Each structure stands twice: as structure tokens, then as C-alpha cells.
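Q: Supplied in C-alpha cells, the structure appears directly below.
The values are calculated or read from the model by the stated rules, or taken from the named source; none is laboratory data. What you see is a predicted model, and the numbers here were worked out from it, not measured in a lab. Every residue, glycine among them, receives a Cβ derived from its backbone with ideal geometry; neighbour counts consider all protein chains shown.
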Amino acid sequence: MLAQIKEDPKISEKKKKFDVIIIGSGPAGYTAAIYTVRAKRDTLVISGILPGGLLMLTTEVENYPGFADGIFGPELMSIMRKQTERMGATIVDDEVVNVDFKHKPFKVLTSSEEYESEAVIICTGASPRKIGAKGEQEFGGKGVSYCATCDGPFFRNQDIVVTGGGDTAMEEAIFLTKFGKSIHVVHRRDELKATKVMQERAFENQKIKFHWNKIVDEIIGKDKVTQIIIRDVVTNEKQTLDAGAIFVAIGHEPNTKIFKGQIELDEQGYIVLKDHTKTSAEGVFAAGDVHDHRYRQAVTAAGFGCMAGIDVDKYLSENKRK
């Protein structure tokens, strides 16, 4: 059972019971809420520590349908939030710290309140792993990216750095050759971890140059990235690469720690779906990057949110008849 929060007169006046609780915002969470509210389900969205998700950290978004001239990530999330609120969903800017999916009604504990619901949709997403180099945070959205599909077209005819040695890094590097003048792959070892077929494709591409036994030491620029300093892990010798962007491709971490022991997770921590958007716990659903480690796009997250919203409405209808 969850730890009980001491009642406060102001807190006790808040609505605590809902038909559906959506944990996490972003395209998946907001879209799911739009669908559940339109189905006349009393819906609470708990936005998380970064309301709007990773798109709040991006600049221009060109690949989300409906915006002919593109749109900035924070603006897109603001529009989605306003639409969700207009539809009638309740949104609280708080972080979920614990859940109880073993008993019904489900309990969801935030840092300030405990809520109950008959169904839950998890939309907590996944966070890209960081390299921890100086300048990485400063130039986020200004040449530091974690998604080639999202941002590659912004760096046409520029020199680009990719850091990583697995399949994802090779996929990113090969994809970026469509836009970049040259691709510099920086890897801390003297051989790749990627599968043989991905290695061969990367080695055969004349635009890709490899820097072995190297790590990114510093990211330099003014208003945007202009140079990458790499360091040899054996000799400590440093080298400066002129580059307009760096793509960090060392994996993602699904935001699922609080769900461990409550629902089934795979070896990497992603939520395992049983039937469309259903998790291993009856009445608990998931949508977006929290289970999707293949596409990780705003539009696919929104699509999964739509699916989860429809599935939840069907579940609540069927459960009511039992």
C-alpha cells in the first residue's frame, strides 16, 4: 500500500477520484486525454517534472503534420495542453512518486497528493542518455540533438558528429549522410558494438569517418554549435573538429522505475504490451516512448495515445457491465 499523506484542509477540497489517470504529458498523454474526455470519462493528467515532455527541449519541429511552416516544440506542446484543458481534462503539474496497481481502485501518489482511478494510462516516455560533455546542456536544441530523424534536415551540407558505437549510432550516421557534408563517428573503443551488417553499411559509406578510442570532451559555439573537442582515452590527446551539430546516440532510458514490480518491463526497462496498449496489469495501459523504443517520434506517440484512449474507454465500458 502507498504511504498515506496527512490531510490538509486545502488539499482535502481537491478532487481525488477519476475514471482515468494519465501519468505523463507530451503528445501521448495529451492525445490520450483528448480521447478519454471526448468519451465522457473524467480524466486527470499528471504532467510530470517536464510538462510537455522532450519536445519542450527542442526548437523547430518540421515533421509533425498540420504545420506547413513548422512549429517550435514548446509551442506545439502549449497548443496540445490548451486543447486538452478545453476538452475538459484536469491537469496538475506534479510528479508521480509511487503507484499501486495491485488493488482497485488504482492509487497514484504524487509529491503532494494521492489520487484514485479505475484505469491508468502510462505516458512517461524515455529520456536520452547524455554524454556529460561540457556544453551539452547549453547547446541542447542549438546543435546538440538526440534524434537524427527529427533534426537531421536542419544541418544540410554541414559537418556532423555522431557519438556512439551501437546499431542506433550507425543508423543515425547513415541517415545523416543524406544531409551532412561529412559525418564523424566518435567512439570510445577501437571497435563497434553494432551488428555486422550495420558496421558494413557504415564502413562502406565514404561520407563517414571514424575516430577510435575517442570521447567528446567539450562542445563549443556561440549561438549554436561550431566545434567539437574530442579526447583520446589512451593518450589524452585532444583534437578539434569543426561541426555544426552533434548527435548523441548512446541509447535511451525509459522512465519506468516507479512501475517496477507493478507491471511487466523488458530487460531494458520498457513496458511490455500484451494486447495493443494493454500492460500486464488489467486496467493499466501505456502509450508512447515508454514502450516504443523503435520510432520515438511525436506523431507516433500521439498515435499510441489515441489508441490507448480508445482502449481505456472500451475497457471501462466492458468492466461496468460485469
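Q: When the residues of region 248-272 are narrowed to those that are assigned to a loop (DSSP other than H, G, I, E, B) and under 23 Å from residue 80 (Cβ atoms), which ends up nearest to the chain's Cα centre (by Cα)?
A: Per the criteria, the residue is 255.
Q: Oh, and also: Whether any residue in region 251-260 is at pLDDT 95 or above, closer than 30 Å to residue 214 by Cα and either assigned by TED's automatic domain parsing to the domain that holds residue 177 or in contact with a strand residue (DSSP E or B) (Cβ under 9 Å, 6 or more places away or on another chain) (or both) is what I want to check. Spell out how you get there, then give the answer.
A: Within region 251-260, the first condition is being at pLDDT 95 or above, and the residues that meet it are 254-260.
Those left that are additionally closer than 30 Å to residue 214 by Cα: 254-255.
Now drop any that are not either assigned by TED's automatic domain parsing to the domain that holds residue 177 or in contact with a strand residue (DSSP E or B) (Cβ under 9 Å, 6 or more places away or on another chain) (or both), which leaves 254-255.
Yes; the residues of region 251-260 include at least one that is at pLDDT 95 or above, closer than 30 Å to residue 214 by Cα and either assigned by TED's automatic domain parsing to the domain that holds residue 177 or in contact with a strand residue (DSSP E or B) (Cβ under 9 Å, 6 or more places away or on another chain) (or both).
Every residue, every condition in (1) in contact with a strand residue (DSSP E or B) (Cβ under 6 Å, 6 or more places away or on another chain); (2) acidic (Asp, Glu), yes or no:
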position	(1), (2)
152	no, no
171	no, yes
180	yes, no
202	yes, no
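Q: When region 122-138 is examined, which residues are found to be surrounded by 17 or more Cβ atoms within 10 Å (Cβ to Cβ) and in contact with a Gly (Cβ under 6 Å, 6 or more places away or on another chain)?
A: Selection gives 123, 124, 125.
Q: Out of 274, 224, 278, which single residue is surrounded by fewer than 17 Cβ atoms within 10 Å (Cβ to Cβ) and not assigned by TED's automatic domain parsing to the domain that holds residue 183? So that I can check it myself, show each step before the final result.
A: Numbers: 224 fails: not assigned by TED's automatic domain parsing to the domain that holds residue 183; 278 fails: surrounded by fewer than 17 Cβ atoms within 10 Å (Cβ to Cβ).
Of 274, 224, 278, the one residue that is surrounded by fewer than 17 Cβ atoms within 10 Å (Cβ to Cβ) and not assigned by TED's automatic domain parsing to the domain that holds residue 183 is 274.
Q: Looking only at region 222-262, count every residue that is on the phi > 0 side of the Ramachandran plot and touching a residue at least 12 places away in the same chain (Cβ under 8 Å) and tell me the total. Before you say what the answer is, go through the steps one by one.
A: First, the residues of region 222-262 that are on the phi > 0 side of the Ramachandran plot: 236, 251, 261.
Among the residues that remain, those that are also touching a residue at least 12 places away in the same chain (Cβ under 8 Å) are: 251.
Of the residues in region 222-262, 1 are on the phi > 0 side of the Ramachandran plot and touching a residue at least 12 places away in the same chain (Cβ under 8 Å).
Q: Just to check your reading of the model, which residue among 302, 281 is hydrophobic (A, V, I, L, M, F, W, C) and in a loop (DSSP other than H, G, I, E, B)?
A: Going through 302, 281 in turn, the sole match is 281.
Q: Exactly one condition in (1) farther than 16 Å from residue 248 by Cα; (2) free of Cβ contacts under 8 Å to residues at least 40 places away in the same chain is not met by residue 208; state its number.
A: (1)
Q: Taking residue 146, is it aromatic (Phe, Trp, Tyr), within 30 Å of residue 306 (Cα to Cα) and in contact with a Leu (Cβ under 7 Å, 6 or more places away or on another chain)?
A: On the way: aromatic (Phe, Trp, Tyr): yes; within 30 Å of residue 306 (Cα to Cα): yes; in contact with a Leu (Cβ under 7 Å, 6 or more places away or on another chain): no.
So residue 146 fails the test.
Conditions (1) under 23 Å from residue 128 (Cα atoms); (2) buried (at least 16 other Cβ atoms within 10 Å of the Cβ), marked per residue:
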| position | (1), (2) |
| --- | --- |
| 186 | yes, yes |
| 194 | yes, yes |
| 200 | no, no |
| 214 | yes, yes |
| 231 | yes, yes |
| 247 | yes, yes |
| 254 | yes, yes |
| 257 | yes, no |
| 263 | yes, yes |
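Q: Given the conditions (1) more than 18 Å from residue 118 (Cα to Cα); (2) crowded, with 17+ Cβ neighbours inside 10 Å; (3) in contact with a strand residue (DSSP E or B) (Cβ under 7 Å, 6 or more places away or on another chain), which single one is not true for residue 50?
A: Only one criterion is unmet by residue 50, namely (3).
Q: Quick check on region 70-82. Is at least one of its residues touching a residue at least 60 places away in the same chain (Cβ under 8 Å), touching a strand residue (DSSP E or B) at 6+ places or on another chain (Cβ under 9 Å) and charged (D, E, K, R)?
A: no
Q: Against the definition (surrounded by fewer than 16 Cβ atoms within 10 Å (Cβ to Cβ) and over 19 Å from residue 130 (Cβ atoms)), how does residue 238 come out, yes or no? Quick ask: steps written out before the conclusion?
A: Values: surrounded by fewer than 16 Cβ atoms within 10 Å (Cβ to Cβ): yes; over 19 Å from residue 130 (Cβ atoms): yes.
So residue 238 fits the description; yes.
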